[in-house]
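Asker: I have a structure I would like to understand better, so I am pasting it below and will then ask my questions one at a time.
The values are calculated or read from the model by the stated rules, or taken from the named source; none is laboratory data. Model, not experiment: these values are computed from the prediction. Here Cβ is always computed from backbone atoms with ideal geometry, including for glycine, and neighbour counts include all displayed protein chains. Heavy atoms of the whole protein, side chains included, go into the accessibility calculation; ligands, DNA and RNA do not. Shrake-Rupley method; radii C 1.70, N 1.55, O 1.52, S 1.80 Å.
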Amino acid sequence: MNLNTSYKTYSGLVSQISETYKAGQKKALQVINSTLVETYWKIGQHIVEFELKGSDRATYGNKLIETLAKDLFLEHGKGFSVSNINYMRLFYTQYPIYETVSRKLGWSHYFELLKIENATE
């Protein structure tokens, strides 16, 4: 059996386990962030496609986002404020082709990018 040299001491074992744990946490956070970005993009897509469908648009008018925020908050809780839903919608309109969305950026990065009004910035 080939033992890793850091296992020769207890502190080496603790160090190796800690490094493995931290690497796992980092990987999990990357997967969560990537999934969250994709989820918010899809939510934005659903909203825009609903708006473009047109048949119910007159009924909802400008109240669509507010109504969604209220209903989704009741069903899912935190995360569905009017502001957040507006940003999800804006995210889809700014990046309508999901393949152009970088997997290296998390939702917090896109959230900040979406706040920039000047496209050249």
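Asker: Residues in the stretch 88-112, backbone N under 14 Å from the label point at ILE32 (7 Å along the Cα-to-beta-carbon vector): list them, ranges by number please.
Answerer: 106-108
Asker: Which value, in Å² and to the nearest 10, is the accessible area of VAL82 when all protein chains are kept and the probe is 1.4 Å?
Answerer: Spelled out: VAL82, probe radius 1.4 Å, area about 60 Å².
Asker: At 1.4 Å probe size, what's the solvent-accessible area of HIS76? Round to the nearest 10 Å².
Answerer: Rounded to the nearest 10, the figure is 110 Å².
Asker: Could you compute how much accessible surface THR100 exposes when probed at 1.4 Å, giving the result in Å² to the nearest 10?
Answerer: Answer for THR100: close to 90 Å² accessible.
Asker: Provide the gained length on full extension for the span THR20 to VAL82, in nm with one decimal, where the gain is 0.36 nm per separating residue minus the Cα-Cα distance.
Answerer: Result: 18.3 nm gained on full extension.
Asker: Here is the link list: LYS26/LYS104; LYS78/LYS104; LYS70/LYS115; LYS53/LYS78. Which ones come out longer than 20 Å on Cα distance?
Answerer: LYS78/LYS104; LYS70/LYS115; LYS53/LYS78
Asker: Still on this structure: Relative to the first principal axis of the alpha-carbon coordinates of the chain, what is the inclination of helix 82-94, with its axis defined by its Cα atoms, in degrees from 0 to 90 and to the nearest 10?
Answerer: With both axes taken from Cα atoms, the answer is about 90 degrees.
Asker: Give the shape of the chain as rounded, prolate or oblate, defined through the alpha-carbon gyration tensor: a ≥ b ≥ c are the square roots of its eigenvalues, a/c under 1.5 means rounded, and otherwise the shape is prolate if a/b is larger than b/c and oblate if not.
Answerer: prolate
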